[in-house]
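Accompanying notes for the structure given below.
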Amino acid sequence: MIHYIRGYITETMPGMVAIESNGIAYEVYVPDGSPAFLAQPDEEIVLYTSMQVSEDDIRLFGFTDKESKGLFRLLQTVSGVGAKAALAMLSAFSSAEELKRAIYFEDDAAITRANGVGKKTAQRVVLELKDKVGEITAAPSASAAAKAPKKGSPKDEALQALLSLGYGRTEALGLLSGITQEDLTTEEYIKQALRARR
């Protein structure tokens with residue numbers, strides 16, 4: 001098993017890079033938006049890798065941080081999610097942390113933005129992993145503020161207003177969870193959330 005590869009990016013291709021280490025260039029599949037695509041020819045980088053072996057193929061998947069690699073493996077514990085779908089989900093978000101938040105906040109609609117991931121698969125990911133990512137997400141998930149507000153409350157009305165403005169559920173909940181005051185009006189919640197977004 002290859003834990004990581006330290007080397008230089010010598011070529012980039014759709015969905016993958018070639019990283020040279022000790023005279024050997026490895027083809028590694030990476031998420032869209034990976035910093036590996038932006039590495040300079042003389043910039044040494046580390047890709048934490050996960051090897052996937054099938055009947056007729058061996059593939060390396062690489063990540064510039066251990067958190068993304070760990071989430072890649074965790075996603076594959078969900079029934080029906082293979083390496084391709086796990087990589088697509090990581091590619092659909094700006095970071096592993098954002099994907100964790102989507103899972104924690106049960107935002108299956110955001111997860112379906114991943115190429116080839118349908119609603120049923122996204123719902124399974126949420127159902128099976130919500131408790132697991134809730135323990136490790138940097139979102140204020142352990143606090144009551146991070147949870148969905150009570151139906152009909154000013155905070156809930158503010159949430160609905162943010163959704164109608166085009167915010168995703170994950171992002172809207174994240175903005176509102178940062179507001180610790182509980183006695184605000186709907187308008188005040190909205191103003192503070194929009195201010196935090198800037």
Restricting to the range 183-198, count the residues that are in contact with a helix residue (DSSP H, G or I) (Cβ under 8 Å, 6 or more places away or on another chain) and assigned to a loop (DSSP other than H, G, I, E, B).
2
Residue that is surrounded by the fewest Cβ atoms within 10 Å (Cβ to Cβ) [pool: residues in the range 26-37 that are at pLDDT 95 or above and farther than 19 Å from K100 by Cα]
E27
Matching option when the condition is hydrophobic (A, V, I, L, M, F, W, C) and in a loop (DSSP other than H, G, I, E, B), among I2, I19:
I2
Examine the range 153-165 for a residue that is open to solvent by less than 50 Å² (accessible area, probe 1.4 Å), under 25 Å from S95 (Cα atoms) and outside any helix (DSSP H, G or I), and state whether such a residue exists.
no
Need pairs with beta-carbon distance below 8 Å; first residue assigned to a helix (DSSP H, G or I) and within the range 117-133, second at pLDDT below 95 and among the aromatic types (F, W, Y); sequence gap 6+ or separate chains.
K130/Y104; V133/Y104
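Quick one: how many residues across the range 43-80 are aromatic (F, W, Y), in contact with an Asp or Glu (Cβ under 9 Å, 6 or more places away or on another chain) and open to solvent by less than 20 Å² (accessible area, probe 1.4 Å)?
0
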Can you name every residue in the range 81-98 that is under 16 Å from D32 (Cα atoms), open to solvent by less than 50 Å² (accessible area, probe 1.4 Å) and of a type in the set (G, A, S)?
A83, A85, A86, A88, S91, A92, S95, A96
Considering the range 17-59 alone, what residues qualify as being in contact with a Lys or Arg (Cβ under 9 Å, 6 or more places away or on another chain), aliphatic (A, V, I, L, M) and under 22 Å from S95 (Cα atoms)?
I19, V28, I45, V46, L47, M51
Is it the case that the range 56-66 has a residue that's touching a strand residue (DSSP E or B) at 6+ places or on another chain (Cβ under 7 Å), assigned to a helix (DSSP H, G or I) and farther than 20 Å from V126 by Cα?
yes
Quick check on my filter: what residues within the range 22-40 are over 16 Å from A83 (Cβ atoms) and assigned to a loop (DSSP other than H, G, I, E, B)?
N22, G23, G33, A39, Q40
(1) in contact with a helix residue (DSSP H, G or I) (Cβ under 7 Å, 6 or more places away or on another chain); (2) open to solvent by 80 Å² or more (accessible area, probe 1.4 Å): which one isn't true of Q40, the others all being true?
(1)
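The values are calculated or read from the model by the stated rules, or taken from the named source; none is laboratory data. Nothing here was measured: the structure is a model prediction, and the numbers come from that model. Heads up, the Cβs are rebuilt from the backbone with ideal geometry, glycines too, and the neighbour counts pull from every protein chain shown. Each accessible area value is taken on the protein alone, full model and side chains, heavy atoms only, with ligands, DNA and RNA left out. Shrake-Rupley method; radii C 1.70, N 1.55, O 1.52, S 1.80 Å.
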